[in-house]
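For reference, the structure discussed in these notes is given below.
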Amino acid sequence: MKKSFYIFRLLLCSICLLCTISCGKYLEEKADYSVSVAETLNDLRALLDNEGDLNRNLPGLLETGTDDYYVSADQYGIVPPYLQEIYIWSADLNATDLASWITPYKAIMMANAVLNALEKVPNTNPQLYQELYGEAHFIRGYQLFLLAQIFCQPYNSLTANQELGLPLKFEADLAEKIQRSNLNDTYQQIIDDLKKAADNLDNRSKFISRPSKAAAFMALARTYLAMGDYLSAESFTDKALRITDDLLDYKTVAAESAQPFNTKNPELIYYAETGQSYQLIYPDYSFISNDLYAMYDALDLRKSLFFSVNSSNQISFRGYYANTAVSYFGGFATPELYLTKAECLTRRGAIEEAANYLDQLLSNRWKDKSYGIQLESNKQKLLTLILDERRKEMLMRGVRWMDIRRLNALDNRGIVLKRDLLVNGEMKLFVLPPNDPRFCLPIPQEVILQSQIPQNLR
């Protein structure tokens, strides 16, 4: 037993060398220290309470490719070259941010370390043991899902067995040789992990920085939505709604506040944010698309709470559900449940019920009921309305890139991304057409050189 603990200590020390250790408290007052010795369940509890690596380090590349924002030519000129190429969806891009690959795999390694250790440490508290087992599976499953949205092609059941997936790591062995699975196996692993999490976690967690059954159900709903399995997405949405359906009435939110939202928001189910602010989406230098801003009605409270307009009529985003103004919210909140439910209902023809879910959300977002949802006999019109509301509601929450990919790949919606940019005194148009291979970013070159795994095509 002592030998196994000695090996585990060495492993944890290796993980700590990879990780940025959090020294302070964050969302709530709870133990938050890095691991040095893991001989008890409480030691493993401390590892999964490392918010710096598990809650504040989601990959920021999920937002950089979207059409929701733009940067000025001056700002474009000072960001690193790889971000310039990401911004214009360059086919020549051969270097991406290493952190967006490494940090999710750090979290996966930590989850694997806990799962490996649970086989060895004394089970002195069965409830805590089950909680840790569920949390570790949630972390591994959710981080794999995020990686798949960046470094894999969109899921299509007809081609998933032939498409490249992610390296699937189950051991906390830093020297383990990795290879890419196929895309179907990647998604099946995500689902398996999240289902194990849901089976072992309490409905709600004591701290929103810890996963819960509601969060696992939401992660499963989002995963099935990305896969185009709308019946399963609706089923897990219903499971989450039975646990919580709280909505924040935006009429009660102070519009004069620099950051209108905080972590006391009753809509929050699981808190996570990006660890990298990225100059491309930093609010002082990036601005919201004028076309997107125009989609918000004057009576829509999100228009004043989400945005500020400067003297040059440039629109900045300020409606972060993250506890910071430089990182986007990457966790789960209840509005997504209403939008997913409405979308799934519409897809199976339950028009009136779908409109009711949308009405419940919008009644908490508008000054009055003047939004007047019209029941469309053509379900495609209602679906378009719901998808527009999804875009407006979940702005800067790491889902727009996923939505564009799935809607183009599975619905043939033909969403074309465009950017105008002044380059060397000449205005140029950059275009990313539907289902282009560039919707999948290249794996960092450092990873390719070290592991020899196949690179994504551009």
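Using +1 on the beta carbon of Lys and Arg, -1 on that of Asp and Glu, and nothing else charged, what's the dipole of the chain about the Cα centre, debye to 20? Write down the numbers at each step before the final one.
On the way: 48 positive and 56 negative charges, 82 e Å.
Result for the chain is approximately 400 debye, rounded to the nearest 20.
From the helices alone, meaning DSSP H stretches of at least four residues, give me the mean residue ellipticity at 222 nm for the chain, per-run term -39500 (n - 2.57), in deg cm²/dmol to the nearest 500. Please report the intermediate quantities before stating the final value.
Numbers: 18 runs with 206 residues, N = 458.
Rounded to the nearest 500, it is -14000 deg cm²/dmol.
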Next item on the list: Enter the angle in degrees (range 0 to 90, nearest 10) between the Cα long axis of helix 351-362 and the first principal axis of the Cα atoms of the chain, meaning the one along which they spread out most.
Entry: 80
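Is region 376-458 best put as rounded, prolate or oblate by its Cα gyration tensor, with a ≥ b ≥ c the root eigenvalues, rounded for a/c under 1.5, and otherwise prolate when a/b is larger than b/c, oblate when not? Before the final figure, lay out the partial values.
Working: a/c = 2.35, a/b = 1.49, b/c = 1.58.
Cα axes put region 376-458 in the oblate bin.
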Check: Quick one, which of (1) 152; (2) 141; (3) 204 is the actual volume of the Cα convex hull per residue in Å³ calculated for this model?
Finding: (2)
Note to self: Students often check this: by mean Cβ neighbours within 10 Å, which of 113-120, 188-195, 154-161 ranks highest, and how do the rest follow?
What the structure shows: 188-195, 113-120, 154-161
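From the Cα gyration tensor of region 354-407, with a ≥ b ≥ c the square roots of its eigenvalues, which class applies: rounded if a/c is under 1.5, or else prolate if a/b is larger than b/c, or else oblate? It would help to have the intermediate numbers written out before the result.
Numbers: a/c = 2.92, a/b = 1.30, b/c = 2.25.
The shape class here is oblate.
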Margin query: Could you tell me how far the Cα centroid of region 107-122 sits from the Cα centroid of region 297-337, in Å?
Written below: 38
Next item on the list: Take each of the peptides 418-426, 70-78, average the number of other beta-carbon atoms within 10 Å over its residues, and list them starting from the highest.
Entry: 70-78, 418-426
Check: If you add up the charges near Ile443, with Lys and Arg at +1 and Asp and Glu at -1, over every other residue whose beta carbon is less than 12 angstrom from its beta carbon, what do you get?
Finding: 0
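Of Lys177/Lys206; Lys106/Lys213; Lys106/Lys195, which pairs sit farther than 30 Å apart, going by alpha carbon to alpha carbon? All intermediate terms of the calculation are to be shown ahead of the outcome.
Working: Lys177/Lys206 37 Å; Lys106/Lys213 23 Å; Lys106/Lys195 22 Å.
Checking Cα-Cα distances, Lys177/Lys206 exceed 30 Å.
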Next item on the list: Specify whether the C-alpha gyration tensor of region 317-458 places it in the rounded, prolate or oblate class, a ≥ b ≥ c being the square roots of the eigenvalues: rounded for a/c under 1.5, otherwise prolate if a/b is larger than b/c and oblate if not.
Entry: prolate
Notebook entry, point to check: Which order do Phe430, Phe261 fall in if you start with the one that has the fewest other Cβ atoms within 10 Å?
Noted result: Phe430, Phe261
Item checked: Order of Leu44, Leu164 under a 10 Å beta carbon neighbour criterion, fewest first -> Leu164, Leu44
Check: Lys169: which aspartates and glutamates have alpha carbons under 20 Å from its alpha carbon, excluding same-chain residues fewer than 8 sequence positions away?
Finding: Asp53, Glu119, Glu135, Asp185, Asp192, Asp193, Glu446
Next item on the list: Identify all aspartates and glutamates with a Cα-Cα distance to Lys120 below 12 Å; exclude those on the same chain that are fewer than 8 residues away in sequence.
Entry: Glu39
Next item on the list: Could you state the angle between the C-alpha long axis of helix 335-347 and the longest principal axis of the C-alpha atoms of the chain, as a value from 0 to 90 degrees rounded to the nearest 10?
Entry: 70
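A short reminder: the numbers here are calculations on the coordinates, not readings from a lab. Predicted, not measured: the structure shown is a model, and the values here were computed from it. Please note: Cβ atoms are built from the backbone with ideal geometry, for glycine as well, and neighbour counts cover all protein chains shown.
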